[in-house]
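Please read the structure below before turning to the comments.
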There are 2 protein chains.
Amino acid sequence: MPGEFEIIARHFSRPARSALLGVGDDAALVAAPAGLALAVTTDMLLEGRHFARGADPAALGHKALAVNLSDLAAMGADPRWFTLALALPERDEAWLTAFARGLYALAGREGCELVGGDTTRGPLAIAITAIGTVPAGEALRRDAARPGDDLWLSGVTGEAALALAQRQGRVRLSAEACARCAARLDWPEARVALGRRLRALAHAAIDISDGLTADLGHVLERSGVGAEVEVAAIPRPAALAEVADERLALECLLAGGDDYELLFTAPPAQRDAVLAAGAAAGVPLACIGRIVADEGLRLRDAAGRPVTLARAGFDHFAA
Amino acid sequence: MPGEFEIIARHFSRPARSALLGVGDDAALVAAPAGLALAVTTDMLLEGRHFARGADPAALGHKALAVNLSDLAAMGADPRWFTLALALPERDEAWLTAFARGLYALAGREGCELVGGDTTRGPLAIAITAIGTVPAGEALRRDAARPGDDLWLSGVTGEAALALAQRQGRVRLSAEACARCAARLDWPEARVALGRRLRALAHAAIDISDGLTADLGHVLERSGVGAEVEVAAIPRPAALAEVADERLALECLLAGGDDYELLFTAPPAQRDAVLAAGAAAGVPLACIGRIVADEGLRLRDAAGRPVTLARAGFDHFAA
């Protein structure tokens with residue numbers, strides 16, 4: 001019976017492009033690009049935690065890579081190579097074919113090459129490690145926010161959380177909103193082109209995987225600064241208008257997670273350049289607040305009153 | 001309740017040494033070393049497949065990194081950095097402390113720095129991606145064996161398989177043999193120092209994870225050559241003398257897997273230099289056969305008769 005080596009040969013071996021040596025040896029070989037830093041990130045998706053049993057394998061192939069590319073985007077790095085560790089409960093040709101299709105489609109589009117992997121039998125788990133390159137001094141770090149910086153957000157947040165709420169029966173969205181939100185949850189787009197253009201402009205950046213306020217909290221903590229956020233300035237996705245419960249709506253918008261938008265800070269003098277970078281990357285940008293010296297995060301509504309949240313963001317081990 | 005961020009902060013964050021930016025950002029940053037190739041490999045260990053429930057977490061931390069370092073050793077690469085994706089069924093401080101101890105002890109010894117990771121809740125799974133560096137033209141590839149090459153083996157094979165057979169009740173070893181074999185299975189040593197010294201000497205190399213004959217088969221297939229192996233020339237671990245069933249003994253020796261020894265080929269003119277490299281690395285080496293132009297693997301006993309095996313090696317998806 002054909003086994004793991006044939007799985008790799010059939011589904012995960014394509015001729016090496018940028019790699020010196022691709023899939024099939026003990027390790028892949030790639031040329032270290034002179035004068036650049038390597039950005040390295042890893043993310044694992046598990047059935048039952050990050051996606052439901054029976055999830056579309058093409059979407060899983062896409063998303064498993066996209067969440068890693070999003071981390072590279074948040075560093076301002078250019079995706080270059082990635083490895084895949086895949087645990088599968090059984091060999092399933094149709095599943096593998098669809099998974100590989102979703103994976104390679106995104107990899108090809110972003111110029112990121114699969115160079116190695118490991119396949120084994122077990123509960124469905126997908127771990128990808130992605131490597132990008134970035135001029136060392138231009139990387140967008142979490143610890144680089146400075147008082148006075150504008151706080152920027154790409155695209156909109158909350159749609160992925162709404163899709164999850166719909167699947168859990170907590171909201172009932174229209175068919176159109178449902179489709180749009182499901183696409184955001186299952187086929188997220190990493191803001192790679194935007195991250196690349198922000199290299200010379202932004203100070204700090206992070207991608208929103210755990211929720212806007214939680215991820216903003218990471219930037220504030222690492223930078224030793226605070227932020228004032230105008231909730232009314234945060235773009236609301238159209239689907240949010242269908243949610244009657246304003247607490248749930250706010251939770252999706254501010255703490256939903258799985259959005260993979262970029263949250264970044266830049267000096268006010270760069271405002272026009274930042275907007276131009278967004279336009280060039282085809283991503284709408286909104287200035288949602290500013291960085292201040294006083295630590296802590298303060299959310300305000302349009303009238304200047306404090307906004308409080310029941311839940312700050314997502315934590316896999318939280319109670 | 002503290003969660004995944006505190007797990008990372010408490011157990012997996014140490015000050016960056018060689019990294020420009022270590023654990024705690026969207027991605028780690030490391031300087032790409034000029035003029036070298038990067039060797040990239042990934043391996044995943046799953047509970048119930050690669051190790052039993054209740055396995056010593058310190059040994060798991062060690063082994064999860066060791067199997068990746070072994071892949072780098074088989075390329076002749078110097079380990080530099082690694083990432084860790086960890087799925088844990090529940091937060092368990094004692095488990096995490098011991099796991100991190102085993103992981104960091106080996107990482108420190110081999111100069112390989114943990115630069116990033118992902119922690120999530122799920123069935124116990126450990127995926128590590130390791131990055132090494134090697135002069136591009138000196139990497140030991142699987143496809144570089146040439147007819148006339150000597151075939152070399154480091155150390156001894158079969159002890160890890162014997163430990164597994166003991167745990168499965170298929171053999172009864174003495175306490176001493178049992179302890180020695182268990183150490184080989186649970187605390188494997190990657191032949192990093194040897195791999196490094198073989199760079200300028202060897203043609204092809206592979207590490208033995210699936211079994212001697214299976215892994216040799218990968219080299220032969222990729223190189224388009226064959227091999228003649230003298231089974232009597234393969235060093236037998238002392239514990240093998242305790243196995244009455246010669247078929248089982250041969251299976252452990254030749255197809256056992258989990259040995260993490262290096263199997264490599266080198267021109268006969270390099271024989272003395274190869275032995276000196278082994279001595280310098282503190283690893284015994286045995287010449288067990290030679291590479292020939294005729295494809296296929298031929299095993300012979302001391303009298304020149306063919307030796308056949310019921311099972312070639314390990315395959316996670318084989319019947």
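Association of chains A and B removes close to 5800 square angstrom of accessible area from solvent, both sides included, for a probe radius of 1.4 Å.
Computed over protein heavy atoms with a 1.4 Å probe, the carbon and sulfur contribution to the accessible area of the protein assembly as shown reaches 51%.
For chain A, the share of DSSP beta bridges that are antiparallel, to the nearest 5, is 70%.
Here is how far apart the B:ALA175 label points are across copies: 7.5 nm, shortest first, using a point 7 Å from Cα toward Cβ. Take each residue in A:44-53, count the other chain C-beta atoms within 10 Å of its C-beta, and the mean is 4. An oblate overall shape is assigned to chain A, the ratio a/c of its alpha-carbon gyration tensor axes (a ≥ b ≥ c) being 1.5 or greater and a/b not exceeding b/c. Fully extending the segment from A:THR97 to A:ALA232, taken as 0.36 nm per residue of separation minus the present Cα-Cα distance, adds 44.2 nm.
Within the range A:49-180, DSSP assigns beta bridges of which about 55% are antiparallel (rounded to the nearest 5).
Need one word for the range B:19-83: rounded, prolate or oblate. Basis is the Cα gyration tensor (sqrt eigenvalues a ≥ b ≥ c); a/c below 1.5 gives rounded, then a/b vs b/c decides. Taking the square roots of the gyration eigenvalues as a ≥ b ≥ c, the range B:19-83 is oblate. So if I take the centroid of the Cα atoms in the range B:226-255 and the same for the range A:25-74, what is the distance between those two points in Å? Answer, in whole Å: 41.
Find the relative contact order for the range B:200-319 and round it to a whole percent, using C-alpha pairs within less than 8 Å whose residues are 6+ positions apart. Result for the range B:200-319 is 46 percent. Think of it as helices only: each DSSP H run of n ≥ 4 in chain A is worth -39500 (n - 2.57), and spread over all residues that comes to -10500 deg cm²/dmol at 222 nm.
Considering only DSSP beta bridges whose two residues both sit in the protein assembly as shown, what percent are antiparallel, to the nearest 5? Counting only bridges with both partners in the protein assembly as shown, antiparallel ones make up about 75 percent.
Scaling the Cα radius of gyration of the protein assembly as shown by the globular reference 2.2 N^0.38 Å produces a ratio of 1.02.
Trypsin sites (Lys or Arg not before Pro), restricted to the range A:36-65: which are DSSP loop and have at most 15 other Cβ atoms within 10 Å? Answer by residue number: A:ARG49, A:ARG53. For A:PRO135, inter-copy separations between label points set 7 Å beyond Cα along the Cβ vector come to 3.2 nm, shortest first. Along its first, second and third principal axes, ordered by size, the range A:13-135 spans 44, 30, 22 Å in Cα coordinates. Legend: helices of chain B (whole DSSP H runs) are marked when their alpha-carbon atoms reach 24 angstrom or more along the helix axis and their mean Kyte-Doolittle hydropathy is at least 0.5; marked are B:57-75. Distances, shortest first, from the label point of A:GLY282 to those at the same position in the other copies read 5.7 nm; the point lies 7 Å along Cα to C-beta. What's the longest uninterrupted piece of chain B once you rule out the GluC sites (Glu not before Pro) that are loop residues per DSSP with at most 13 other Cβ within 10 Å? So the longest stretch without any such site is B:91-294. Which of B:GLY117, B:ILE288, B:ALA204 sits farthest toward the positive end of the charge dipole of chain B, with +1 on the Cβ of Lys and Arg and -1 on the Cβ of Asp and Glu? The listed residue farthest towards the positive side: B:ILE288. Considering only alpha-carbon pairs that sit under 8 angstrom and 6 or more positions apart, the relative contact order computed for chain A is 22 percent.
The values are calculated or read from the model by the stated rules, or taken from the named source; none is laboratory data. The shown structure was predicted, so the numbers you read here are calculated from the model rather than taken from an experiment. Please note: Cβ atoms are built from the backbone with ideal geometry, for glycine as well, and neighbour counts cover all protein chains shown. Heads up: the accessible areas ignore ligands, DNA and RNA and are worked out on the full protein's heavy atoms, side chains in. Shrake-Rupley method; radii C 1.70, N 1.55, O 1.52, S 1.80 Å.
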